[in-house]
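Read through the structure below, which is laid out as structure tokens, and then see the notes.
What follows draws every value from the coordinates through simple rules; no lab data is involved. Note that the structure is predicted; figures quoted are calculated from it, not measured. Methodologically, a virtual Cβ is constructed for each residue, glycine included, from the backbone with ideal geometry; neighbour enumeration extends over all protein chains shown.
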Amino acid sequence: MTTAESTFLQIYAAIILIWPIRWIVLKFVLGKDRPLTPESPRLAVADPPLVSAIIPAKDEEATLDECLAATRAQDYPNLEILVVDDRSLDRTAEIARRHAAEDPRVRVVQNDRLPPGWTGKTYVLHRHSGLARGEWLWFLDADVAPGPAFLPVMLEYARENNAELASVLPELRCETFWEQVVQPLAGVVLMQSFRPNQVNDDAHPRAFANGQSILVTRKAYDAVGGHRSVRDRFVEDIGLAQKVKGQGMPIRLGVTRGLISCRMYASLGQLVRGWSRILFDALDRKPWRLILKLLDPIIFSQSGHVVLVVALAMLATGRGGPFAWWLLGMSLVHHALMYAVFRLVYDVSVPRSKYVATFPLGNLVTDWILIRAIWMCFTGKVAWRGTSYDAAISRTADDEADERTTAADTA
């Protein structure tokens, strides 16, 4: 082999060695916190606090019925449920009103506008959270299905950790091919920046919450200014957690098994648009952070795919000699190590997934998601759920308009 070929093999070997290190770190992180399950300890007090579930719903006819049925079935005696229909054009309001007719704990209210300087979800929750009477506020997305034990388990989890805000990573319900392939990898791109052990360390500044299900005390929510304090955020959940932890109040993030599930997106288009929006805002709308996230899979994952193809091509054409055989052998080791790591990654989000071997395809889709997120940083344009936003404008919202809106809401 030539000197150049030997140097290349040494560099490639260093790339491969990253993967056993990642496997060890991931096993350590996943093994550190036991997942919350239906068998986990539950809150058991004589006078359980009132919990107000608040469910914003915009065109959620496909998922709202299951969400409300699961929320009503909570094994918890002191619960009220507030559904906010946010200008839906489908059967969302009809489904919500049917549940309200069946259960006096359910109330339905209508949101009819979105003022400048707000993202849709933040305004809905800001405007209507004042109607909730609970000591705890439970912000719940309409595509989530909590098991009957979820609320008592989460309240006990918060109590034993003295947490003012508690959130979880639900299991993902993935019903299509693209969901199975992409969701776990998109999720790990996010969680690389928000490791649960750091989030749960009161001394560490890292903060994260998953807006699919957040429990927060009314005291903490009001102390940080509620959703008004994160009105321009597209990932208001992370922003709210940062505000709470920034005030010195403990927050907790739990991993679950069999306790709660969520179907985030139903198509490839929704996956790409949704995760682009999430990563754009979660990484502070900074292109350099997103570029680093993009370089990671290109260097450490997709390099292995390229080397494998090149080695096979060289051997098929009778060129390369020992160098080609070294490339082939090392690339196969690379893929085996990647598979071991991605087996752990997929199992966190989609237990017993049969699609782990498709991770090369999932890598390509996450590349595209990150490229779209980077493009958003330069254009400042975000479109979501039928609404187009100018991110630069919402960063500098008109405070006078905000005050007029707030006065009208409380009048």
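Within the shell of other residues whose beta carbon sits under 11 angstrom from the beta carbon of A340, the net charge comes to +3, with Lys and Arg scored +1 and Asp and Glu -1. Of all DSSP-defined beta bridges confined to the chain, some 40% are antiparallel rather than parallel. Largest GNM mean-square fluctuation among A282, A266, A209, using the chain with Cα springs under 10 Å: A266. A simple charge model with +1 on the Cβ of Lys and Arg, -1 on the Cβ of Asp and Glu and nothing else charged puts the dipole of the chain at about 900 debye relative to its Cα centre.
Centroid-to-centroid, using Cα positions, region 183-204 and region 254-286 are 13 Å apart. When the GluC sites (Glu not before Pro) in region 117-214 are filtered for DSSP coil states and for at most 12 other beta-carbon atoms within 10 Å of their beta-carbon, the remaining sites are E175. Using r as the Cβ-Cβ distance of V109 and W288, and R0 as 41 Å, what FRET efficiency do you calculate, to the nearest 0.05? With a Förster radius of 41 Å, E is 0.45.
Legend: helices of the chain (whole DSSP H runs) are marked when their alpha-carbon atoms reach 24 angstrom or more along the helix axis and their mean Kyte-Doolittle hydropathy is at least -0.5; marked are 3-32, 321-349, 359-379. Scanning residues 5 or more positions from E61 or on other chains, those with amide H under 5 Å from its amide H are R91, T92, with H placed 1.01 Å from N in the peptide plane. The modelled label-to-label distance between A4 and R159, using points 7 Å beyond Cα along the C-beta direction, is 6.9 nm. Note on M154, M376: ascending count of other Cβ atoms within 10 Å places them as M376, M154, the fewest first. Helix-only arithmetic for the chain: the sum of -39500 (n - 2.57) across DSSP H runs with n ≥ 4, divided by the residue total, places the mean residue ellipticity at 222 nm at -16500 deg cm²/dmol. 3J(HN,Hα) couplings calculated from phi for region 163-170 with the Karplus curve 6.51 cos²θ - 1.76 cosθ + 1.60 (θ = phi - 60°) are, in sequence order, 7, 8, 9, 9, 9, 9, 9, x Hz; Gly and Pro show x. Using the Karplus relation 6.51 cos²θ - 1.76 cosθ + 1.60 with θ = phi - 60°, the per-residue 3J(HN,Hα) values for region 37-50 come to 10, x, 8, 5, x, 10, 4, 9, 10, 5, 10, x, x, 6 Hz, with x marking Gly and Pro. Taking G258, G318, G130 as the candidate residues, the one with maximal mean-square fluctuation in a Gaussian network model of the chain, Cα springs under 10 Å, is G318.
Of interest is the spacing of the C-alpha centroids, which for region 65-142 and region 155-176 amounts to 19 Å.
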